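The values are calculated or read from the model by the stated rules, or taken from the named source; none is laboratory data. None of these values were measured; they are calculated from a predicted model. For neighbour counting, all protein chains shown are included, and Cβ atoms are generated from backbone atoms with ideal geometry for every residue, glycine included.
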Amino acid sequence: MKQSALSPPQRLRRMHDTLAAAFGPQHWWPARTRFEMILGAYLTQNTSWKAVERSLSNLRAAGALTIAGVRALSLEELRRLIQPSGFFTRKAPAIQALVAMLDSEFSGSLTQMAKAPTAPLRKRLLDLPGVGPETADAILLYALGHAVPVADEYLRRIVERHQLIEANRRISYDDLTGLTREAFAADPEPERRQLFNEFHALTVAVGKAHCGRTPRCEGCPLVADLDEDRRV
């Protein structure tokens, strides 16, 4: 068993560099516009991206990949268009609630919304139905340009398997984002948003390739960081 001289945040920062060298720039989020990205963040909850793509294709064909387009749809029409993503009876009114908030508080403008301070804007997003911490942070980072980290199940698996947080306790979303903030705290503030962007995308890339429900450590760029007795 080896012991790293680096702290957990330093190891996580090194993982970013290792993954960036292995996978290259990710150019995330996969969307043509900021509003399409927001719709994707809602639709991807509890489903695959392939299913999301079918829903987005339906919305595109209906001319509803814009704020005005969604605003013009009835609840039933929106449910029908996003049905491939699942949970459409919950996701459709949640999307409509976002558009209603955008209209009433930000004159229907994502540009105006993006100018709001991060902390109160995050709280306002979390107050909306169907928005949890991961969805709120994804919207803030990818659609609105705020420098906030995003954590997901792939990052949780990496952190747990590499023992970056003490074992034998539940790893919370705040644990993951807090660790990520520490990892990039020494980086210049203007660069941090792009680093958070790339790091999240890179953890998804390595998660899909190697760190699924069953780990596949052989060939993983991060295998050198693991203790030998934890490699699969």
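Selection of helices (runs of 4 or more DSSP H) fully inside region 128-213 by the criterion of at least 2 residues being in the same structural domain as Leu19 (by TED's automatic domain parsing), touching a Phe, Trp or Tyr at 6+ places or on another chain (Cβ under 6 Å) and of a type in the set (Lys, Arg) returns nothing. Scanning region 140-154 for residues that are hydroxyl-bearing (Ser, Thr, Tyr) and buried (at least 18 other Cβ atoms within 10 Å of the Cβ) turns up at least one hit.
A search for C-beta distances below 9 Å between a residue of region 35-47 that is part of a loop (DSSP other than H, G, I, E, B) and any residue that is among the β-branched types (Val, Ile, Thr), counting only pairs 6+ apart in sequence or on different chains, returns Thr44/Val52; Thr44/Thr135; Gln45/Thr135. Residues in region 122-132 that are farther than 19 Å from Ala92 by Cβ and touching a Leu at 6+ places or on another chain (Cβ under 7 Å): Arg122 only. Between residues in region 158-177 that are closer than 20 Å to Pro221 by Cα and residues that are among the polar types (S, T, N, Q) and at pLDDT 95 or above, which pairs lie under 7 Å by C-beta distance while being six or more apart or on different chains? That search, which allows pairs on different chains as well, returns Ile158/Thr203. For region 48-66, a residue qualifies if it is touching a residue at least 12 places away in the same chain (Cβ under 8 Å) and over 16 Å from the mean Cα position of the chain (by Cα), and the qualifying residues are Ala51, Arg54, Ser55, Leu56, Asn58, Leu59, Ala62, Ala64, Leu65, Thr66.
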